[in-house]
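Chemist: Once you've had a glance at the structure underneath, I'll fire off some questions.
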Amino acid sequence: MTSIICLRGLLWSLAIIIAFSASPASAHPEMSSEKRWDVTSNWMQFAPFVAGAAVAAYKDDWEGGKQLLRTSAAGEITTQGLKYSLKGTFLDKRPNGSSRSFPSGHTSMACSGAALLGNRYGWEYGVPAFAVAATVGYARVKSAEHHVRDVVGGCALSYGISTFFVTKQGEENLYPVIGPDFIGFRWTWRH
């Protein structure tokens, strides 16, 4: 068990190093520090999602893949809806002066994948994924794109949404159903 955890940690560390070194920010050392953090967060926000898809595929867990898509789509729709509905409020202004600050979409995307990994496959997958998501949040604040409240709100929103769509393998499952004459939720479980 310990060797598996160490291997996962090594793979996640390698993925983070590759993400930082392969990002356009590393190719342009003349970029400002804020711009480098922004570019890095643009790339890293997708790492937990990709890792969630890879783990689901490796485990031949098609339900996990569907849950990843559901929770990420619901998180993105809710995040963008909040951004536009809060336009003109005190939550709208970013540190750099632009609008649509709350919640952070980058952090929301990263936390969607992290929440799936943690909630479906256990803490061994969740801890490294949330470390990546925290790095994305830190990068958004360092790049002056978001306030701390924005990144915390984005992650909390995605985690909350994931509680509706993500379950451990073999446990109950709540998911949306859209049919020709029905829109709602279906709840199934296995004994």
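Chemist: If a residue has to be farther than 18 Å from E76 by Cβ and either basic (K, R) or touching a helix residue (DSSP H, G or I) at 6+ places or on another chain (Cβ under 8 Å) (or both) to count, how many in the stretch 120-133 make the cut? Give the steps one after another, and end with the answer.
Modeler: First pass over the stretch 120-133, keeping only residues farther than 18 Å from E76 by Cβ: 120-128, 130-131.
When the remaining residues are screened for being either basic (K, R) or touching a helix residue (DSSP H, G or I) at 6+ places or on another chain (Cβ under 8 Å) (or both), the result is 120-121, 124-128, 130-131.
Residues that pass the stated criteria total 9.
Chemist: Okay, moving on. Of the residues V127, V141, V136, only one is surrounded by fewer than 24 Cβ atoms within 10 Å (Cβ to Cβ), farther than 17 Å from L82 by Cα, of a type in the set (A, V, I, L, M) and in contact with a His (Cβ under 8 Å, 6 or more places away or on another chain); which? If you could, list the steps in order and put the result at the bottom.
Modeler: Values: V127 fails: in contact with a His (Cβ under 8 Å, 6 or more places away or on another chain); V136 fails: surrounded by fewer than 24 Cβ atoms within 10 Å (Cβ to Cβ).
It is V141.
Chemist: Quick check: is even one residue across the stretch 59-78 acidic (D, E), surrounded by 15 or more Cβ atoms within 10 Å (Cβ to Cβ), at pLDDT 85 or above and not in a helix (DSSP H, G or I)?
Modeler: Yes, because at least one residue in the stretch 59-78 is acidic (D, E), surrounded by 15 or more Cβ atoms within 10 Å (Cβ to Cβ), at pLDDT 85 or above and not in a helix (DSSP H, G or I).
Chemist: Here's something else I'd like to know. Return the pair list, or none, for Cβ contacts closer than 7 Å from residues in the stretch 114-135 that are within 17 Å of F164 (Cα to Cα) and of a type in the set (K, R) to residues that are modelled with pLDDT under 90 and surrounded by fewer than 20 Cβ atoms within 10 Å (Cβ to Cβ), at least 6 apart or on different chains.
Modeler: Matching pairs, first to second residue: R120/K168; R120/Q169.
Chemist: Hey, another quick one. Give the residue, chosen from V50, V55, that is surrounded by fewer than 22 Cβ atoms within 10 Å (Cβ to Cβ), under 30 Å from G184 (Cβ atoms), touching a residue at least 40 places away in the same chain (Cβ under 8 Å) and β-branched (V, I, T).
Modeler: On the way: V50 fails: under 30 Å from G184 (Cβ atoms).
From the options V50, V55, the qualifying one is V55.
The values are calculated or read from the model by the stated rules, or taken from the named source; none is laboratory data. This one's a predicted model, so the numbers in the text were calculated from it and none came from an experiment. All Cβ positions, even for glycine, are placed from backbone atoms using ideal geometry, and neighbour counts span all protein chains on display.
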